[in-house]
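Here's the structure, in structure tokens; my notes come after.
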Amino acid sequence: EAAKPNVVILATGGTIAGAGADAMNSATYQAAKVPVDKLIAGLPQLEKIATVRGEQVFQIASESFRNDNLLALGKRVAALVKQNDVDGIVITHGTDTAEETAYFLNLVVKTEKPIVVVASMRPGTAISADGALNLLNAITVAGSKDARGKGALVVMNDTINSGRDVSKMINIRPDAFQSPWGPLGLVVEGKSYWFRKLDKRHTTTSEFDIEKIDALPLVEIAYAAGNVNDTAYRAFAKTGAKAIIHAGPGNGSVAGTLVPTLQELRGKGLHIIRSSHVNAGGFVLRNAEQPDDKYDWLVAHDLNPQKARILATVALTATNDTKELQRIFMEY
Ligand SMILES: NC(=O)CC[C@H](N)C(=O)O
């Protein structure tokens, strides 16, 4: 029998470590309660798949993740993957911002070793809790040779998605995590099956490296619907944002009344990044609906606003040049 892989679980909190008062509580419960050692002890099946140890990195609900949490987690993952006795990493996480953390790690950790973010939609105390199988599947993927070189992944509901593409699409139900371009594979009965690869730059082919990043700039998101005003945009500029993600309707469209403000803020050095808040995932092209070349604005292409925030935050550690930033938005 082949030696079992060594997998480290970095626990950060979320519903996968949540507990409710009653088995009927699938939506009302407290996240980030159960320590990682208890999660591991509750899954004797893990022993067959991998040699597992846990580290409690944080114990928080993921909506409270700050840039400092991303930095600390990224640096811990980067240190661990350098160790010969570590074959893969699993990060237990809240679902709310799992897609952001997974994309961040996909961009900045230089490794072929699998990095798997896992979460659950129901606490372990609920009927049909999804955390146990999700964790088992995540460890299967993190310990498998097939998962090497595929970038940071999110494993939930039997499905392997790229951390780059995946998004939480609904705030109830275990099938919440979907990618606009489809999943990469499936995990069934302790074995992973792969169907496609991410064509975007990540991990070993990324120009970004967490070990060279010690601070992250402030990037804010302003949500635009009908009757939008420039209040939030101006406030973000005042509080030192280096870029504003315009979470616009449709093509990342910008209301006529907003255009002069965004031009003015760009003139003061702030980057304006047009993204779309359409539900199924946007696709914003340069100079579609607004003359980005003329205004020196950027487009987030297919990244949703929260993913665009992550990429802008990382990219701005390396360059402030619009052409370079736009190249990065097309390549990652
Ligand atoms: N399903 C969840 O994990 C949501 C719980 C919490 N809001 C979090 O993101 O940590």
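The values are calculated or read from the model by the stated rules, or taken from the named source; none is laboratory data. The structure displayed is predicted, hence computed values, not measured ones. All Cβ positions, glycine included, derive from the backbone under ideal geometry; neighbour counts span all protein chains shown. Heavy atoms of the whole protein, side chains included, go into the accessibility calculation; ligands, DNA and RNA do not. Shrake-Rupley method; radii C 1.70, N 1.55, O 1.52, S 1.80 Å.
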Cα coordinate range in region 218-331, projected on the principal axes (Å, largest first): 35, 32, 25
In Å, descending, principal axis extents of the Cα set of region 65-126: 38, 25, 15
State, as an integer percentage, the relative contact order of the chain based on alpha-carbon contacts under 8 Å between residues 6 or more apart. 14 percent
Counting only protein heavy atoms, what percent of the accessible surface of region 204-332 is carbon or sulfur at a 1.4 Å probe? 53 percent
For K238, the lysines lying under 22 Å Cα to Cα, once residues fewer than eight places off in the same chain are dropped, come out as K268
Simple spin-label model, 7 Å along Cα-to-Cβ: A235 to R173 in nm? 3.3 nm
Can you tell me how region 106-167 classifies by the Cα gyration tensor, rounded, prolate or oblate, using a/c under 1.5 as the rounded cut? prolate
Considering the chain as a Gaussian network with a 10 Å cut-off on Cα pairs, which listed residue, K113, K150, K238, attains the greatest mean-square fluctuation? K238
Counting only protein heavy atoms and leaving out ligands, DNA and RNA, the solvent-accessible surface of W194 at a 1.4 Å probe, in Å² to the nearest 10, equals 60 Å²
Entries of K82/K145; K48/K307; K82/K323; K212/K307; K38/K75; K197/K242 with Cα pairs more than 28 Å apart: K48/K307; K82/K323; K197/K242
Per-residue [θ]222 nm for the chain (sum of -39500 (n - 2.57) over DSSP H runs n ≥ 4, rounded to 500): -7500 deg cm²/dmol
Inter-part distance where region 1-61 and region 164-222 are each reduced to a Cα centre, Å: 20 Å
Counting only protein heavy atoms and leaving out ligands, DNA and RNA, the solvent-accessible surface of M330 at a 1.4 Å probe, in Å² to the nearest 10, equals 80 Å²
With N set to the residue count of region 6-205, report its C-alpha Rg divided by 2.2 N^0.38 Å to two decimal places. 0.91
Any idea how far the Cα center of region 261-325 sits from the one of region 86-156, in Å? 28 Å
How much accessible surface does Y223 have with a 1.4 Å probe, in Å² rounded to 10? 150 Å²
